[in-house]
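Have a look at the structure below before the remarks.
The values are calculated or read from the model by the stated rules, or taken from the named source; none is laboratory data. Quick caveat, the model's predicted, so the values are computed rather than measured. For neighbour counting, all protein chains shown are included, and Cβ atoms are generated from backbone atoms with ideal geometry for every residue, glycine included. Note: accessible area is taken over every heavy atom of the protein model, side chains too, but ligands, DNA and RNA are not part of it. Shrake-Rupley method; radii C 1.70, N 1.55, O 1.52, S 1.80 Å.
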Amino acid sequence: MCTLWKSSHRFGATAIVCVLGLSTALLPTVRGGSDQVPTASQAGQLSLHYVEASQGLGAKLDGGRTEIEFGDVNRDGNVDIVSIGDHGSPLSSNEHGVMVWFGDGLGQQGQWQLFQNGNFGYGGVALGDVNNDGSVDVAFGDHHNYSDNQFGNRIEGVALGDNTGMHWTPWDQGLATNGETYGMFGTDLADVNNDGFLDYGSNSFGCCSGVHVYLNRGDGTWSQSAGFLGENSSDDLVFADFNGDGNADMATANRKGTVFLGDGHGRFRPADGNLPPMSSQGRAGISVGDVNDDGRDDLAFATPSGGLQVWTMVSNAVWKNLSGALPASGKFEATQIADMNLDGHGDLVAFGAGRMVVIAGDGKGNWKLASTFTTPGTQGYAAFRAGTDVDHNGYPDIGVIAAEGNPFSARNHFHVFVESSPATALRIFPKHPHGGATMVPGSVRMFEWNAAVPNGFGAATVSLAVSSTGPNGPWKKIAGELPNNGRYQWRVPADLSCVSGCDVRYEIKAGEATTAVVGHSNFAAKSGR
């Protein structure tokens with residue numbers, strides 16, 4: 001198990017309504033039926049504190065939905081932010097193509113730097129290494145495929161990166177060839193057929209281009225393995241593993257269904273089962289992550305009445321409600337599942353009507369409010385991500401694009417909020433794989449971590465090793481001297497055997513300091529095909 005660390009905290013600024021207490025036992029419980037903002041005395045008991053770190057992000061000039069992803073596209077060890085255009089792109093907007101805000105890892109004292117390439121947008125975006133060359137590549141689904149060249153002339157696209165975040169080479173033959181005509185949006189990458197290459201999935205922008213999954217042939221060509229046309233949508237799509245078989249499943253904000261279970265060959269079957277009813281545009285604000293510590297992904301969403309719910313799959317298309325005392329109604333629009341307080345359990349982050357909440361989970365379906373703050377003047381949300389540490393203090397941070405201003409002329413504004421605790425010791429916190437997860441030999445999967453690096457230690461590197469004989473090793477190297485950016489894409493060895501579970505050792509070095517932990521991974525490796 002990973003030894004968790006609690007640092008001292010400091011009071012911050014910038015439109016934050018909560019301050020810190022000394023005991024998590026004093027946290028106010030979130031009560032069902034309301035999303036009421038805590039009183040001042042309650043806010044003083046909350047355990048996480050966020051400050052704004054948005055210098056250089058500027059304002060989106062137009063409204064409408066978009067999507068953002070965190071990732072280190074230039075491999076400098078600092079997390080960047082990626083999007084594609086905005087609602088007016090590329091006709092009446094200064095935002096266009098693949099947009100990268102380069103991060104410097106300095107948080108509130110830092111500065112984001114924007115670089116744009118391409119003449120298309122707006123829509124969804126995903127990051128991953130699709131050709132296994134070690135560079136971060138970009139995938140997208142967009143509504144305005146107005147490019148006059150191959151880069152961005154399809155409503156579904158993939159382009160190869162070169163570790164600069166500035167140059168992209170189209171790698172997309174065969175995408176958007178199955179009736180998608182109006183526009184695509186929410187986009188994700190996962191190895192859905194376990195062949196060692198990331199595959200592509202995207203959901204329609206509204207009605208009616210449907211949902212489509214394309215297999216990566218490894219040579220720049222793609223072929224559809226699953227999909228449908230028609231039905232309304234509220235845009236989002238994400239891959240996950242809900243039933244723990246090691247095969248990539250899919251969650252979509254589409255009226256035809258939310259959850260689709262994968263068979264390891266690229267085919268999917270519906271599995272909404274006993275999930276509650278959804279709106280006419282599909283389930284809103286979907287996100288995935290493990291909240292009950294079983295190694296399987298769970299599903300979070302905002303209800304039609306603006307409340308929050310979390311469900312876990314207990315058998316094929318049979319779901320159990322883990323919502324407990326989460327608000328049953330309110331104005332929430334978007335969710336994210338991530339371990340925000342580093343206790344090893346998945347927490348729920350939610351946003352709506354200008355209010356952000358972080359609700360801590362205990363792995364058993366109990367919830368307590370850990371932080372809340374507002375973005376004044378917000379009329380709605382455009383994009384939302386949480387769970388990645390952008391300032392190297394170990395704690396995950398939050399990014400949101402919110403429509404702000406007059407309800408009839410609101411414009412999208414970009415915010416990043418970082419948890420304000422200083423890093424006082426060199427630490428590394430494993431995130432994924434979580435205990436009980438299954439990885440299929442030969443497939444591509446992700447390792448994820450957060451790390452605390454004190455000021456003055458310099459740039460850190462991370463090394464990963466795996467043991468199939470228990471947490472004491474012996475250890476076999478996975479990768480060494482990686483940038484400390486929180487993510488590594490791994491092709492699971494075809495001969496990896498985890499009869500009693502495999503463990504992962506995470507080692508971080510910065511300056512003369514080194515520390516290592518064995519993560520709470522204990523995953524299984526078995527055939528999912």
### Message
Return the residues of the range 308-340 that are buried (at least 24 other Cβ atoms within 10 Å of the Cβ) and either aromatic (Phe, Trp, Tyr) or on the phi > 0 side of the Ramachandran plot (or both); say none if nothing qualifies.
### Response
PHE332
## Note on the structure
Selection from the range 489-500 of residues surrounded by 19 or more Cβ atoms within 10 Å (Cβ to Cβ) and touching a Phe, Trp or Tyr at 6+ places or on another chain (Cβ under 7 Å) yields CYS498
### Task
Identify all residues within the range 501-511 that are within 19 Å of PHE457 (Cα to Cα), in contact with a Phe, Trp or Tyr (Cβ under 8 Å, 6 or more places away or on another chain) and either β-branched (Val, Ile, Thr) or open to solvent by 30 Å² or more (accessible area, probe 1.4 Å) (or both); write none if there are none.
GLY511
#### Entry: Flag if ASP343 is surrounded by fewer than 22 Cβ atoms within 10 Å (Cβ to Cβ), among the charged types (D, E, K, R) and under 23 Å from LEU229 (Cα atoms)
no
### Message
Just checking, does the range 397-418 include any residue being over 30 Å from LEU61 (Cβ atoms) and open to solvent by 30 Å² or more (accessible area, probe 1.4 Å)?
### Response
no
### Query
Within the group PRO433, PRO454, which residue is in contact with a Leu (Cβ under 9 Å, 6 or more places away or on another chain), in contact (Cβ under 8 Å) with a residue 24 or more places away in the chain and farther than 20 Å from GLY330 by Cα?
PRO454
### Query
Do the conditions hold for ASP172, that is, is it on the phi < 0 side of the Ramachandran plot and among the acidic types (Asp, Glu)?
yes
#### Entry: the range 359-374 residues that are under 28 Å from PHE414 (Cα atoms) and hydrophobic (A, V, I, L, M, F, W, C), paired with ones that are surrounded by 23 or more Cβ atoms within 10 Å (Cβ to Cβ) and modelled with pLDDT under 95 (beta carbon under 6 Å, 6 or more apart)
ILE359/VAL30; LEU369/VAL30; ALA370/LEU46; ALA370/SER47
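Kindly establish whether ALA59 is modelled with pLDDT under 80 and open to solvent by 40 Å² or more (accessible area, probe 1.4 Å).
Criteria met by ALA59.
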### Task
Test each condition in (1) open to solvent by 10 Å² or more (accessible area, probe 1.4 Å); (2) within 19 Å of VAL51 (Cα to Cα) for ASP362 and report the one that comes out false.
(2)
### Task
Evaluate the following for HIS212: is it modelled with pLDDT of 95 or more and either under 22 Å from the mean Cα position of the chain (by Cα) or among the hydroxyl-bearing types (Ser, Thr, Tyr) (or both)?
yes
#### Entry: Residue that is farther than 30 Å from GLY354 by Cβ, buried (at least 22 other Cβ atoms within 10 Å of the Cβ) and without any contact (Cβ under 8 Å) to a residue 60 or more places away in the chain, where the choices are PHE228, PHE260, PHE301
PHE260
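Mind checking whether some residue in the range 512-523 is part of a loop (DSSP other than H, G, I, E, B), open to solvent by 10 Å² or more (accessible area, probe 1.4 Å), modelled with pLDDT of 95 or more and β-branched (Val, Ile, Thr)? Show your work before the answer.
Keep residues of the range 512-523 that are part of a loop (DSSP other than H, G, I, E, B), which gives 512, 519-522.
Keeping just the survivors that are open to solvent by 10 Å² or more (accessible area, probe 1.4 Å) gives 512, 520, 522.
Going one step further and asking which of them are modelled with pLDDT of 95 or more, we end up with none.
Within the range 512-523, none of the residues are part of a loop (DSSP other than H, G, I, E, B), open to solvent by 10 Å² or more (accessible area, probe 1.4 Å), modelled with pLDDT of 95 or more and β-branched (Val, Ile, Thr).
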### Query
Are there any pairs, at least 6 apart or on different chains, whose C-beta atoms fall under 9 Å, with the first in the range 206-219 and closer than 18 Å to PRO270 by Cα and the second open to solvent by less than 10 Å² (accessible area, probe 1.4 Å) and of a type in the set (D, E, K, R), and if so, which?
HIS212/GLU156; VAL213/ASP199; TYR214/GLU156; TYR214/ASP199
### Query
Within the range 460-488, can you find the residues that are open to solvent by 40 Å² or more (accessible area, probe 1.4 Å), in contact with an Asp or Glu (Cβ under 7 Å, 6 or more places away or on another chain) and outside any strand (DSSP E or B)?
PRO471
### Selection status of GLY435, open to solvent by less than 30 Å² (accessible area, probe 1.4 Å), within 25 Å of VAL130 (Cβ to Cβ), part of a loop (DSSP other than H, G, I, E, B) and out of contact with any strand residue (DSSP E or B) (no Cβ under 6 Å at 6 or more places or on another chain)
no
### Query
Residues in the range 273-280: is at least one in a strand (DSSP E or B), surrounded by fewer than 21 Cβ atoms within 10 Å (Cβ to Cβ) and small (Gly, Ala, Ser)?
yes
### Query
So which of GLY152, GLY134, GLY123, GLY141 ends up being within 19 Å of the chain's Cα centre (by Cα) and at positive phi?
GLY123
### Message
Condition first: surrounded by fewer than 16 Cβ atoms within 10 Å (Cβ to Cβ), in a loop (DSSP other than H, G, I, E, B) and in contact with a Phe, Trp or Tyr (Cβ under 9 Å, 6 or more places away or on another chain). Can you find one or more residues in the range 180-202 that meet it?
### Response
yes
### Task
Determine whether the range 158-176 contains at least one residue that is closer than 22 Å to ALA251 by Cα, assigned to a loop (DSSP other than H, G, I, E, B) and among the small types (Gly, Ala, Ser).
yes
